[in-house]
Amino acid sequence: MRQPPEDSGSHSTGPADRQTLRLLERHLSSASLIAETAFDPDSYEPRLLRGLLDAGRYPDPVPAARLDIRWFTTGDFSVHYVEEHEDGTRWECRWDRHPNAHNTRVHFHKPPSATEITDLDLPSLHPLEVYSTILTAIDQRIETLWSS
């Protein structure tokens, strides 16, 4: 497993890290929260890993939710969580690590629209640690939906 390099000041995320995407797919496919996984365009040359969340875990106003994961050989990533609501609205957020002009390299696009951005301090940038942090946040979101 490659460790992310130190911030080199580069402005490119680089090519997709197929090994990491496949590792994350194995973990997603065994998570009870995930109903289905798929690679885009395919498992041979994946650029995106999509996890469709189990709609049965959500209250009725949320008929669909997904997780879109992009991971790059530079250690950069983008993990986008999206809920589709019955009324046609979306609730979304995104965890990112990439060069940008708006915040630090590691940052978070806050819900409900993912437009407001804040710096983010993750305990680790290892793909499985990032995965664990994000699935914990999704579990907490689901609990919030049920209690409201």
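Table for the structure above
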item	result
Selection count where residues are in contact (Cβ under 8 Å) with a residue 60 or more places away in the chain and assigned to a strand (DSSP E or B), scope the stretch 89-112	1
Meets criteria (in a helix (DSSP H, G or I), over 16 Å from the mean Cα position of the chain (by Cα), among the hydroxyl-bearing types (Ser, Thr, Tyr) and over 15 Å from residue 17 (Cβ atoms)) for residue 136	no
Matching residues, the stretch 101-112, being more than 12 Å from residue 77 (Cβ to Cβ) and either crowded, with 19+ Cβ neighbours inside 10 Å or touching a Cys at 6+ places or on another chain (Cβ under 9 Å) (or both)	108, 109, 110, 111, 112
Residue within the stretch 35-56 that is without any contact (Cβ under 8 Å) to a residue 60 or more places away in the chain, assigned to a loop (DSSP other than H, G, I, E, B), in contact with a helix residue (DSSP H, G or I) (Cβ under 7 Å, 6 or more places away or on another chain) and surrounded by 19 or more Cβ atoms within 10 Å (Cβ to Cβ) present	yes
Residue 95 of a type in the set (Phe, Trp, Tyr) and more than 26 Å from residue 23 (Cβ to Cβ)	no
Residue in the stretch 74-81 that is in a strand (DSSP E or B), surrounded by 20 or more Cβ atoms within 10 Å (Cβ to Cβ) and not β-branched (Val, Ile, Thr) present	yes
The lone exception for residue 86 - which of (1) free of Cβ contacts under 8 Å to residues at least 24 places away in the same chain; (2) more than 16 Å from the chain's Cα centre (by Cα) it fails	(1)
So residue 82, is it closer than 25 Å to residue 143 by Cα and out of contact with any helix residue (DSSP H, G or I) (no Cβ under 6 Å at 6 or more places or on another chain)	yes
The stretch 113-132, residues that are without any contact (Cβ under 8 Å) to a residue 40 or more places away in the chain, crowded, with 16+ Cβ neighbours inside 10 Å and β-branched (Val, Ile, Thr)	117
Pair list, Cβ < 9 Å and 6+ apart or interchain, from the stretch 61-75 residues that are among the small types (Gly, Ala, Ser) to residues that are assigned to a loop (DSSP other than H, G, I, E, B) and crowded, with 20+ Cβ neighbours inside 10 Å	75/4; 75/17
Residue check, residue 98 crowded, with 18+ Cβ neighbours inside 10 Å, at pLDDT 95 or above and more than 17 Å from residue 132 (Cβ to Cβ)	no
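The values are calculated or read from the model by the stated rules, or taken from the named source; none is laboratory data. The shown structure was predicted, so the numbers you read here are calculated from the model rather than taken from an experiment. As a convention, Cβ positions derive from the backbone with ideal geometry for all residues, glycine included, and neighbour counts pool all protein chains shown.
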